[in-house]
Amino acid sequence: MSWTDVAMDSRFAVYEMLNHRRRRSCLSRAYYAVYSAATDALIRRGVTMPKGRNSPSHTKLPDLVGSNLTGVSHPLRWRLAGTIRKLHNLRILADYVPSATIDSSDARVALGLMNQAF
């Protein structure tokens with residue numbers, strides 16, 4: 001399985017989770033779909049991953065995208081970096097703040113950000 005496969009699996013899962021009202025999982029999968037696709041793009045451009053890992057840290061991913069995806073225009077890649085940050089924040093909320101209310105509008109925002117990134 002490749003990072004592209006992981007990205008596509010997560011992307012399809014977002015729609016399934018949304019249809020089954022699994023909003024927290026929807027936010028999480030939307031982030032991981034973009035994380036996986038971005039990781040694949042970085043690896044294809046020869047970006048070296050941290051020692052002992054085959055993917056970047058979540059906090060460093062946006063800057064890696066902004067600095068290394070030179071096949072994409074400067075404004076677009078930094079907009080993508082911002083989208084990744086937003087999705088990561090939603091994922092943290094969904095996965096680590098059980099008291100947070102996640103509603104259908106949050107899930108739709110995550111879906112829109114994911115689609116924008118792709």
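The values are calculated or read from the model by the stated rules, or taken from the named source; none is laboratory data. Everything numeric here is computed off the predicted structure, so don't read it as measured data. Here Cβ is always computed from backbone atoms with ideal geometry, including for glycine, and neighbour counts include all displayed protein chains. When the accessible area is computed, the model is the full protein with side chains, heavy atoms only, and any ligands, DNA or RNA have been set aside. Shrake-Rupley method; radii C 1.70, N 1.55, O 1.52, S 1.80 Å.
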Seminar exercise, completed: Rounded to the nearest 0.05, FRET efficiency between residue 108 and residue 76 (Cβ-Cβ, R0 22 Å) equals 0.45
Problem set entry | Apportionment of accessible area to carbon and sulfur, the chain, percent (1.4 Å) | 53
Problem set entry | Karplus-derived HN-Hα couplings along segment 5-10 (A = 6.51, B = -1.76, C = 1.60, θ = phi - 60°), whole Hz, x at Gly and Pro | 4, 4, 4, 5, 4, 5
Exercise. Using the alpha-carbon atoms, what tilt in degrees (0 to 90, nearest 10) does helix 74-96 show relative to the longest principal axis of the chain?
Worked result: 40
Problem set entry | Per-residue HN-Hα couplings for segment 51-56 [Karplus 6.51, -1.76, 1.60; θ = phi - 60°; Hz; x = Gly/Pro] | 4, x, 10, 10, 7, x
Exercise. Taking only the alpha carbons of segment 53-116, what extent do you get along each of the three principal axes, in Å, biggest first?
Worked result: 39, 27, 15
For this session: Quickly rank 83-89, 68-74, 37-43, 13-19 as a protection proxy: mean count of other C-beta atoms within 10 Å, highest first.
Result: 37-43, 83-89, 13-19, 68-74
Problem set entry | Distance in nm between pseudo-label sites at residue 2 and residue 99 (7 Å out along the Cβ direction from Cα) | 4.5
Exercise. What is the extension gain from residue 116 to residue 49, computed as 0.36 nm multiplied by their sequence separation minus the C-alpha to C-alpha distance, in nm to one decimal?
Worked result: 21.6 nm
Seminar exercise, completed: Expected unfolding gain across residue 12-residue 63 under the 0.36 nm per residue rule, minus the alpha-carbon gap, is 15.7 nm
Exercise. Roughly how many debye, to the nearest 20, is the charge dipole of segment 18-118 about its Cα centre, given +1 on each Lys and Arg Cβ, -1 on each Asp and Glu Cβ, and no other charges?
Worked result: 100
